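Working notes for the structure below.
The values are calculated or read from the model by the stated rules, or taken from the named source; none is laboratory data. Everything quoted here is computed from the prediction, not taken from an experiment. Neighbour counts run over all protein chains shown; Cβ positions are idealised from the backbone, glycine included.
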Amino acid sequence: MTNKFVPHHHREAVLSEVHARPFHSIATPARLRHYAFMTNAAQAAEDRKAFTLFCLFHSAPPPPIWAKHHRATIGHATIQWEQHTEFTTYTWDVSAYSAAPFDELTMGDDVGMEKIPQPGPLLVAIDLSLSPAGTGTTAQTLFDPTSLAMARVERSGAVIATDFRADAKGFVRLFVEDHGLTPARAGALVQRLLEIETYRMLALLGLPEAQKIGPAVKSIEDTLIRIARSMTETEGLAADHTLLNELTLLAATLEADSAVSGYRFGASRAYDSIVHQRLQTIGEEPVDGWPTFEAFLARRVAPALRTCMMLEERQANLSRKLTRATNLLRTRVDVEIERQNRDLLASMNKRARMQLRLQQTVEGLSVAAISYYIVGLAGYVFKGARESGYFPIDAGVATALAVPLAILAVAIVVARIRRIHGKNDD
């Protein structure tokens, strides 16, 4: 019935997500080797090619082009390959393994992690032994008692133990003693234990990042304190500009560090929550006073994660303080600039008034000068008219009478010109 409808382009991915990385049955006894490699996009693409060739070489079905996980049987071993956002895992399962826990493991000449090119830097290497109860092997003889963590899980269906230490070959060993697990329950428990150790290591990747940027954050804090004190002790636009440049550089440095560490710290929180979720799922119960996995990790891992969270919080608080200090300093700079602009405008007004007075003086002189020239011209006219006999008044008297008339006429013309210019300016 649904064939008549056009499906959403993500429908298949969403439907298949709940079935991703399913549990697989494991029969007791068994031995597993689990590896996790940090991979970027290019390394993940190359690893997919290498794993595909490995499967084809052993006549096993390769992973589909869209698959993020694949399981194949090669000889007497089963390999499970998974790709995640920033890491890739390989899990080798040797079924019906009857040797003593953690004895030398021989997987054959053509299989093993050594036959596949390393995808990226190795982060996790786990050697897990699933053994039946009553073999005489105890966790106290397998692990360092000072670091031993042990618990009953799956409603007393199994006992798990580890010391979270790397052995001579670099593997963290996990011991699972089967007290009546079905293969399905054993497979689910084993996968959860592998995920606990894998995500524990991934969560702790935030600690080296915190240790690396910690001195830089402390340096920024000290510099901010110095700048804040300098703001109360210095004055002047030049000094404020210097401090503002320092604050801007500090803010840029902090944001760059936060951008790098923010992803790592966020990932650490996410991985840590997965670890706690898996621990809750397996349902740990104490054994003979030994710490459970959750208790051990709470005592040893939680402080490291708190260090990461504390540094992330310091970065956030420092960013807010830098923003406030920058705003305060910008306000000081703006106020100083406004004061300088006010002084500049006052100076310009003073100069404008002086120019106006000078202009008025020049206009007065210009009226006198123009009147002088007009009167002079009129004098020549009066003299000529007197000599011609057509002008009965004395030329000197006529010239004297023309002076006030000329001055008045010039003053009226100048005033009118000023009114016209004033209207044009408006």
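Checking residue 193 against (1) more than 27 Å from the chain's Cα centre (by Cα); (2) hydrophobic (A, V, I, L, M, F, W, C); (3) surrounded by fewer than 20 Cβ atoms within 10 Å (Cβ to Cβ), which single condition isn't satisfied?
Condition not satisfied by residue 193: (3).
Residue 174 fails exactly one of the following numbered conditions: (1) within 17 Å of residue 322 (Cα to Cα); (2) of a type outside the set (Asp, Glu); (3) over 29 Å from the mean Cα position of the chain (by Cα). What is the number of that condition?
Of (1) within 17 Å of residue 322 (Cα to Cα); (2) of a type outside the set (Asp, Glu); (3) over 29 Å from the mean Cα position of the chain (by Cα), only one is false for residue 174: (1).
Quick one: which of 264, 320 is exposed (fewer than 12 other Cβ atoms within 10 Å of the Cβ), out of contact with any strand residue (DSSP E or B) (no Cβ under 6 Å at 6 or more places or on another chain) and either not hydroxyl-bearing (Ser, Thr, Tyr) or not assigned by TED's automatic domain parsing to the domain that holds residue 163 (or both)?
After applying the criteria, what remains is 320.
Considering only the range 298-317, I want to know if a residue exists there that is surrounded by fewer than 15 Cβ atoms within 10 Å (Cβ to Cβ) and of a type in the set (S, T, N, Q).
So far as the range 298-317 goes, yes, one or more of its residues are surrounded by fewer than 15 Cβ atoms within 10 Å (Cβ to Cβ) and of a type in the set (S, T, N, Q).
What is the residue count in the range 22-44 for residues that are surrounded by fewer than 16 Cβ atoms within 10 Å (Cβ to Cβ), assigned to a loop (DSSP other than H, G, I, E, B) and at pLDDT 90 or above?
Qualifying residue count, the range 22-44: 1.
Return the residues of the range 241-294 that are closer than 30 Å to residue 229 by Cα, without any contact (Cβ under 8 Å) to a residue 12 or more places away in the chain and more than 22 Å from the chain's Cα centre (by Cα); say none if nothing qualifies.
242, 245
Output yes when any residue across the range 167-184 is in a helix (DSSP H, G or I) and surrounded by fewer than 21 Cβ atoms within 10 Å (Cβ to Cβ), and no when none is.
yes
Among (1) in contact (Cβ under 8 Å) with a residue 12 or more places away in the chain; (2) more than 30 Å from residue 246 (Cβ to Cβ), where does residue 355 come up short?
Residue 355 satisfies every listed condition except (1).
Taking residue 54, is it surrounded by 15 or more Cβ atoms within 10 Å (Cβ to Cβ) and touching a Leu at 6+ places or on another chain (Cβ under 9 Å)?
For residue 54, the condition - surrounded by 15 or more Cβ atoms within 10 Å (Cβ to Cβ) and touching a Leu at 6+ places or on another chain (Cβ under 9 Å) - is not met.
Residue 238: small (Gly, Ala, Ser), over 18 Å from residue 312 (Cβ atoms) and touching a residue at least 60 places away in the same chain (Cβ under 8 Å), yes or no?
Considered against the rule, which asks whether it is small (Gly, Ala, Ser), over 18 Å from residue 312 (Cβ atoms) and touching a residue at least 60 places away in the same chain (Cβ under 8 Å), residue 238 comes out as no.
Every residue in the range 287-308 that is out of contact with any helix residue (DSSP H, G or I) (no Cβ under 7 Å at 6 or more places or on another chain) and either under 21 Å from residue 195 (Cα atoms) or part of a helix (DSSP H, G or I) (or both), please.
291, 292, 295, 296, 298, 299, 300, 302, 303, 306
The conditions are (1) outside the structural domain of residue 289 (by TED's automatic domain parsing); (2) not in a strand (DSSP E or B), and residue 228 fails exactly one of them. Which is it?
(1)
Going by the conditions given, is residue 223 in the same structural domain as residue 317 (by TED's automatic domain parsing) and surrounded by 13 or more Cβ atoms within 10 Å (Cβ to Cβ)?
So residue 223 fits the description; yes.
Return the pair list, or none, for Cβ contacts closer than 8 Å from residues in the range 335-347 that are of a type in the set (Phe, Trp, Tyr) to residues that are assigned to a helix (DSSP H, G or I) and surrounded by 10 or more Cβ atoms within 10 Å (Cβ to Cβ), at least 6 apart or on different chains.
none
Going by what's in this entry, would residue 164 be described as aromatic (Phe, Trp, Tyr) and crowded, with 20+ Cβ neighbours inside 10 Å?
It is true that residue 164 is aromatic (Phe, Trp, Tyr) and crowded, with 20+ Cβ neighbours inside 10 Å.
Can residue 216 be described as in contact with a Ser or Thr (Cβ under 8 Å, 6 or more places away or on another chain), surrounded by fewer than 19 Cβ atoms within 10 Å (Cβ to Cβ), at negative phi and free of Cβ contacts under 8 Å to residues at least 60 places away in the same chain?
Yes; evaluated as a whole, the condition is true for this residue.
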